[in-house]
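To start, the structure itself, in structure tokens.
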Amino acid sequence: MTTFKVNRPIRQIIQQGFTLLELMISTAILAIIITVAMPNFSDIGDSQRLIGATEQLYNHIQQARSESVTGNVPGYVNFNASGSSTWQYGISTANSLCNLALINPVTANACVIVVDDGDGTVDPGDGTLDTGDLILMRNDNVEWIDVEMDIASFSSATTQIVFNPVRATSSNGVINLESGMGRKLQINVSLLGRPTICVPSSSLTTTVSNYRGC
């Protein structure tokens, strides 16, 4: 018996990529999406930088108040801020007018607080007994691009908040912060040493969520 083998053609699968027209259309759509989304991303970043700088300062004012009360020593928050995006501030329980330019805690007149490192010897704040107890508390604008800071109406001096541990009071004042896109927040420090964050009335049209109006 004779058999015949039938050769069947092998089906070839051809994979096609994007045509030039499809690629151009996709690129155009992507460009439109990016153009629409970019302002929203800018707004979010602008708002978050302002909130970050404000809440960091708020927490440090609270810390200065706490260190003053628990250590039964005066607490100080010193500022170098005059309405520009270049500013510094520092808190100290050792030096009333600490030098904001200093970044080494063992340097005389640096902005430091004293925290016992557990060896039983507590430094008086000048580094003469135990430099390990000195914690640098100096901050600047480097992390918060375009955020401006200004201070106003401080009752003790133009550049300082002072906490009194005996009477549990402080000098009062206002710290204004403004983002690069014009958003504003304000920290008010009362005579009882309590800081609060609010949105100035002039900035209510530029919403910063989660904060009440001043």
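Just so you know, all these numbers are worked out from the coordinates, no wet-lab data involved. The model shown is predicted, which means the values in this text are computed figures rather than measured ones. Heads up, the Cβs are rebuilt from the backbone with ideal geometry, glycines too, and the neighbour counts pull from every protein chain shown.
How would you rank Glu67, Glu55, going from fewest to most other Cβ atoms within 10 Å of each one's own Cβ?
If I rank by nearby Cβ atoms, fewest first, I get Glu55, Glu67.
Among the GluC sites (Glu not before Pro) within the stretch 130-203, which fall in a DSSP loop and have no more than 13 other Cβ atoms within 10 Å of their own Cβ?
Working: sites: Glu143, Glu148, Glu178; in loops: Glu143.
Qualifying residues, ordered by number: Glu143.
So, with +1 on the Cβ of K and R and -1 on the Cβ of D and E, and no other charges, what is the size of the charge dipole of the stretch 42-203 about its Cα centre, to the nearest 20 debye? Please list the in-between numbers first.
On the way: 7 positive and 17 negative charges, 137 e Å.
It comes to approximately 660 debye.
On average over all directions, what projected area in square nanometres does the stretch 42-203 have, based on the convex hull of its Cα atoms?
Details: hull surface 37.8 nm².
For the stretch 42-203, the mean projected area of the Cα convex hull comes to 9.5 nm².
Starting at the first residue of the stretch 113-118, write each ³J(HN,Hα) from the Karplus equation 6.51 cos²θ - 1.76 cosθ + 1.60 with θ = phi - 60°, in whole Hz, x for Gly and Pro.
Calculated HN-Hα couplings, in order: 10, 9, 10, 4, 7, x Hz.
Please report Arg167, Arg65, Arg194 as a ranked list, fewest other C-beta atoms within 10 angstrom at the top and most at the bottom.
On the way: Arg167 10, Arg65 23, Arg194 13.
Lowest to highest Cβ neighbour count: Arg167, Arg194, Arg65.
What number, in percent, do you get for the relative contact order of the stretch 42-203 if the mean sequence gap of Cα pairs under 8 Å and at least 6 apart is divided by its residue count?
Values: 378 pairs, mean separation 38.0, N = 162.
Over the stretch 42-203, the number comes to 23 percent.
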